[in-house]
Amino acid sequence: MEAILISKFVKDLRDLKVAKDVQLVKAKSSSDLHIRITHAAVTHVDQLYAQGLHQNNRRHIQPPFILGTEFAGIVTTAPHKSQFKPGDRVFGGSLGAYAESIVVDEKSVRKVPDRWTLAQACALGGSGNIGYGALISVAKLTAGETALILGASGGLGVMAVQIAKAVGAKVIAVVGDGEKAKMIRELGADEVVSYREANWEESVRDKTSDGEGVHVVYDLIGAVQSSLKCLRYRGRIVIVGFAARKGKMEEVAMNRILLKSAMVHGYRYGEDGRRDPSRTQEVWDGFMKLVEEGGIKPVPYKEGYNGLEEVGSALEDVKLHRTWGRAVLTIDGTAEAAQKARL
Ligand SMILES: NC(=O)c1ccc[n+]([C@@H]2O[C@H](COP(=O)([O-])OP(=O)(O)OC[C@H]3O[C@@H](n4cnc5c(N)ncnc54)[C@H](OP(=O)(O)O)[C@@H]3O)[C@@H](O)[C@H]2O)c1
């Protein structure tokens, strides 16, 4: 099959090339599914993986591997006792998404809700369950509280805004430009602040009901110092990503944490699942309940990408903040229509 195979990390994302005759990774367990991939998400993590710049590249993810972490597609083969059957439309997350096919454990995917296309489901990928794990399982965000979402315009951010709204919280979203501000407001954010504004943290505090700051910060960008400025006494910060840090981690004066009696928690979705698979199940179930209740919609970036040959330029667009929501690459644009025509 064709795939984006990383046999050595690249320095320039545009050097990524489509490899032919790549072997499909063999099934590891009797519950593995074979899936024809129709769409793959273009994510911040993928551009780091391609360059060997992600923390997982130190241990878990070393060449050779097939790039791509989130996808949607159609089941081609399923074990006899599986809850899935050939023809089922599924979406989820697993390494190896920039390829024509993938073999994954059935726990890594969910059925695509009938009302969504495969492209829409792909835009959701694994972003919603990460948001649910961080905001609900870890930070225990509840109705009536205020959540601050840093990195709100990105793939994880657009899900977090919707999850926080779905549980009845007020949402303050932080974004980088006017188009993204409009998009996130239309998605339901109550207040929007630009991180390009000087002292934007003051604007965040001003937008809380009593001026005391937010209850919870979802930090996707690596801004704990700013988060502490926005936080109310006894507030919670969940650190999930470092999208703004370009590899250089910030140093935080510990007295700032004490002065606010703050709780600062890291959340690493993949590692949580490796150590305790029941946690993955729990957050998927929690998130899918919100989807079924109608509180979540996919947010695909307005421009699509076509074919594995566009992976490099698509990842470059993500790296340069040109996209918002989740950029989606179409790998097989005919499979879904062909399936519908057969029904
Ligand atoms: N912990 C986990 O389990 C886990 C799992 C997956 C991903 N992650 C991490 O989560 C982060 C977000 O992933 P994603 O897929 O949502 O990325 P994304 O779609 O590329 O979005 C990145 C976001 O970061 C914002 N941003 C970038 N530079 C910024 C700056 N200097 N100041 C303020 N905001 C800035 C962008 O804002 P604008 O576009 O508005 O400029 C955008 O909203 C990444 O660091 C990723 O590695 C963590």
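Its DSSP H runs of at least 4 residues, each contributing -39,500 (n - 2.57), put the calculated 222 nm mean residue ellipticity of the chain at -8000 deg cm²/dmol, to the nearest 500.
Ordered by the number of other Cβ atoms lying within 10 Å of each residue's own Cβ, fewest first, 107, 11 fall into the sequence 11, 107.
Taking each residue as 0.36 nm, the span from residue 233 to residue 257 lengthens on full extension beyond its C-alpha to C-alpha distance by 7.7 nm. Taking N as the residue count of the chain, its C-alpha radius of gyration divided by 2.2 N^0.38 Å amounts to 0.98. Karplus-derived 3J(HN,Hα) values for the range 106-122, using 6.51 cos²θ - 1.76 cosθ + 1.60 with θ = phi - 60°, are 5, 6, 7, 10, 10, 5, 6, x, 3, 6, 9, 7, 5, 5, 5, 5, 5 Hz; glycine and proline are entered as x. The mean sequence separation of alpha-carbon pairs under 8 Å and at least six residues apart, normalised by the residue count of the chain, gives a relative contact order of 19 percent.
Sorting 53, 156 from the fewest to the most surrounding beta carbons within 10 angstrom yields 53, 156.
With R₀ fixed at 25 Å, the C-beta to C-beta distance from residue 185 to residue 206 puts the FRET efficiency at about 0.90.
With θ taken as phi - 60° and the Karplus curve 6.51 cos²θ - 1.76 cosθ + 1.60 applied, the whole-hertz 3J(HN,Hα) list for the range 54-70 is 8, 4, 5, 6, 6, 10, 6, 10, 10, x, x, 8, 8, 6, x, 10, 9 Hz, x standing for glycine and proline. Here the contact order of the range 236-290, divided by its residue count and restricted to Cα pairs under 8 Å and six or more residues apart, works out to 39 percent. Looking at the square roots a ≥ b ≥ c of the eigenvalues of the Cα gyration tensor of the range 246-343, which shape do they give, rounded for a/c under 1.5, prolate if a/b is larger than b/c, or oblate? Oblate, because a/c is 1.5 or more while a/b does not exceed b/c. Computed over the Cα atoms of the range 128-270, the ratio of the radius of gyration to the Kirkwood radius (Rg/Rh) comes to 0.92.
Going by neighbour counts of Cβ atoms within 10 Å, the residues 267, 98 line up, fewest first, as 267, 98. A simple spin-label model places the labels of residue 281 and residue 30 1.7 nm from each other, with each point 7 Å out along Cα-to-Cβ. For the range 128-270, the relative contact order works out to 22 percent when only alpha carbon pairs closer than 8 Å and six or more residues apart are counted.
With a Förster radius of 25 Å applied to the beta-carbon distance between residue 337 and residue 297, the computed FRET efficiency rounds to 0.70.
For residue 33, the residues whose modelled amide H falls within less than 5 Å of its own, excluding neighbours fewer than 5 places apart on the same chain, are 104, 105, 106.
Rounded to the nearest Hz, the phi-derived 3J(HN,Hα) couplings of the range 93-105 under the Karplus curve 6.51 cos²θ - 1.76 cosθ + 1.60 (θ = phi - 60°) are x, 5, 5, x, 6, 8, 7, 6, 9, 8, 10, 9, 5, where x marks glycine and proline. Close amide H contacts of residue 66 (hydrogens built in the peptide plane, cut-off under 5 Å, sequence separation of 5 or more or a different chain): 6. Dividing the convex hull volume of the alpha-carbon atoms in the range 3-124 by its residue count gives 104 Å³ per residue. Remark on residue 327: its backbone amide H falls under 5 Å from those of 42, 301, a criterion applied only to residues 5 or more positions apart or on other chains, H modelled at 1.01 Å from N.
Any read-out appearing in this document is the output of simple, stated calculations on the displayed coordinates, not a laboratory observation. Everything numeric here is computed off the predicted structure, so don't read it as measured data. Cβ atoms come from the backbone with ideal geometry, glycine included; neighbour counts cover every protein chain shown.
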